[in-house]
Amino acid sequence: MEHTSAAPVVRPARPEDLPRLVELMREHMVYERSAPRTAGLADRLGAQLFADGARLWVLLAETPGGEVAGYAACSAEFSFWEAREYLHMDCLYLAEEARGHGLGAALMDGVAALARELGLGHVEWQTPDWNEGAIRFYDRLGATAKPKLRYALPAE
């Protein structure tokens with residue numbers, strides 16, 4: 001990627017972005033050593049993301065050349081102990097060639113702005129404990145980590 005001084009663009013995803021978003025999601029799954037998801041991901045995601053009253057938001061980061069190079073996916077969650085909603089950032093991913101150019105910080109600024117716009121007091125997320133680059137990035141932003149294990153239980 002050619003380095004320019006133009007500010008990164010962060011914007012909400014649009015229906016026509018779904019093919020590129022799914023490409024980035026698949027790269028992210030490989031990066032995080034996750035199993036591939038079943039076919040129809042774009043259709044299922046689009047139905048949720050662009051539905052009336054959706055509680056899912058995806059912000060996209062564009063390079064100065066206009067290429068979508070990353071995303072942050074968020075939803076409103078409820079904290080029982082706080083008795084209020086917060087913004088949960090489920091995923092943040094930048095294509096490898098787009099890292100180190102300010103797009104990640106711009107995405108995080110966009111996520112924080114979204115939380116403010118929605119009247120939510122804070123943002124929470126997680127990252128694999130082996131992802132040292134992400135941990136350094138989040139630490140530089142001033143975020144604090146809470147040690148917990150995440151479990152999943154199939155309900156099918």
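The values are calculated or read from the model by the stated rules, or taken from the named source; none is laboratory data. Note that the coordinates shown come from a computational prediction; the quantities given were computed from them, not determined experimentally. Glycine gets a Cβ as well: all are built from the backbone with ideal geometry, and neighbour counts include every protein chain shown. For accessibility, only protein heavy atoms count, side chains too; no ligands or nucleic acids. Shrake-Rupley method; radii C 1.70, N 1.55, O 1.52, S 1.80 Å.
Where in segment 116-156 are there chymotrypsin sites (Phe, Trp or Tyr not before Pro) that are in a DSSP coil and have at most 11 other Cβ atoms within 10 angstrom of their Cβ? Walk me through the numbers before you get to the answer.
On the way: sites: Trp125, Trp130, Phe137, Tyr138, Tyr151; in loops: Trp130, Tyr151.
In loop regions of segment 116-156 (DSSP not H, G, I, E or B), the sparsely surrounded chymotrypsin sites (Phe, Trp or Tyr not before Pro) are Trp130, Tyr151.
Do any chymotrypsin sites (Phe, Trp or Tyr not before Pro) in segment 39-84 lie in a DSSP loop with no more than 11 other beta carbon atoms within 10 Å, and if so, which? Walk me through the intermediate numbers first.
Values: sites: Phe50, Trp57, Tyr71, Phe78, Phe80, Trp81; in loops: Phe50, Phe80, Trp81.
Those satisfying the criteria are Phe80, Trp81.
Around Gly119, what is the net charge, scoring Lys/Arg as +1 and Asp/Glu as -1 over all other residues with Cβ under 13 Å from its Cβ? Each step should come with its number before you reach the end.
Values: positive: Arg84, Arg116; negative: Glu85, Glu117.
With Lys, Arg at +1 and Asp, Glu at -1, the net is 0.
With no solvent and one equal point scatterer per Cα, compute the Debye intensity ratio I(q)/I(0) for segment 52-97 at 0.14, 0.20, 0.26, 0.33 Å⁻¹ and report its log10, rounded to two decimals.
After summing over all Cα pairs, the log10 values are -0.46, -0.71, -0.91, -1.11.
Enter the per residue convex hull volume of segment 16-131, computed from alpha-carbon coordinates, in Å³ rounded to the nearest integer. Mind dumping the intermediate values first?
Details: hull volume 15.1 nm³, N = 116.
It comes to 130 Å³ per residue, whole-number rounded.
Would you mind computing, in nm to one decimal, how far apart the modelled labels at Lys148 and Met29 are, each placed 7 Å from Cα along Cα→Cβ?
Those two pseudo-labels are separated by 2.5 nm.
Share of the chain's accessible area from carbon and sulfur, percent, 1.4 Å? All intermediate terms of the calculation are to be shown ahead of the outcome.
On the way: 5550 of 10330 Å².
Taking all protein chains in place, the chain shows 54 percent carbon and sulfur surface.
Compute the Cα gyration tensor for segment 79-152, then decide on rounded, prolate or oblate, letting a ≥ b ≥ c be the square roots of its eigenvalues: rounded whenever a/c is under 1.5, prolate when a/b is larger than b/c in the other cases, and oblate in all that remain. Working shown, then result.
Values: a/c = 2.15, a/b = 1.28, b/c = 1.68.
Oblate shape, in that a/c is at least 1.5 and b/c is the bigger or equal ratio.
Could you please put Ser34, Ser75 in sequence from largest to smallest accessible area, using a 1.4 Å probe?
Working: Ser34 50, Ser75 25 Å².
Highest to lowest solvent-accessible surface, that is Ser34, Ser75.
Return the calculated 222 nm mean residue ellipticity for the chain, to the nearest 500 deg cm²/dmol, obtained by summing -39500 (n - 2.57) across DSSP H runs with n ≥ 4 and dividing by the residue count. Before the final figure, lay out the partial values.
On the way: 4 runs with 47 residues, N = 156.
So the calculated ellipticity at 222 nm is -9500 deg cm²/dmol.
What distance in nm lies between label points placed 7 Å from Cα along the C-beta direction at Ala76 and Val9?
It works out to 2.9 nm between the two label points.
What percentages make up the Cα-Cα pair-distance distribution of segment 1-61 when the bins are 5 Å wide from 0?
The percentages, shortest bin first, are 4, 15, 22, 21, 19, 11, 6, 3.
Short version: ³J(HN,Hα) in whole Hz for each residue of segment 36-44, in order, from phi by Karplus 6.51 cos²θ - 1.76 cosθ + 1.60 (θ = phi - 60°), x for Gly and Pro, what are they?
Taking θ as phi minus 60°, the curve returns x, 8, 5, 4, x, 4, 4, 5, 5 Hz for segment 36-44.
Could you tell me the accessible area of Glu97 in Å² (1.4 Å probe, neighbours in place), rounded to the nearest ten?
Approximately 100 Å² for this residue.
At Phe50 and Thr38, where each label point lies 7 Å from the Cα along Cα→Cβ, what is the point-to-point distance in nanometres?
2.3
With both bridge residues required to lie in the chain, what share of the DSSP beta bridges run antiparallel, to the nearest 5%? Don't skip to the answer; put the middle values down first.
Numbers: 21 of 24 bridges.
Bridges in the chain are about 90 percent antiparallel.
P(r) of segment 113-156 in 10 Å steps, Cα pairs, percent per bin?
21, 39, 31, 9, 0
Does a label point 7 Å from the Cα of Tyr86, set along Cα-to-beta-carbon, have any residues of segment 45-79 with amide nitrogen under 12 Å, and which are they?
Hits in segment 45-79 for Tyr86 at 12 Å: 77-79.
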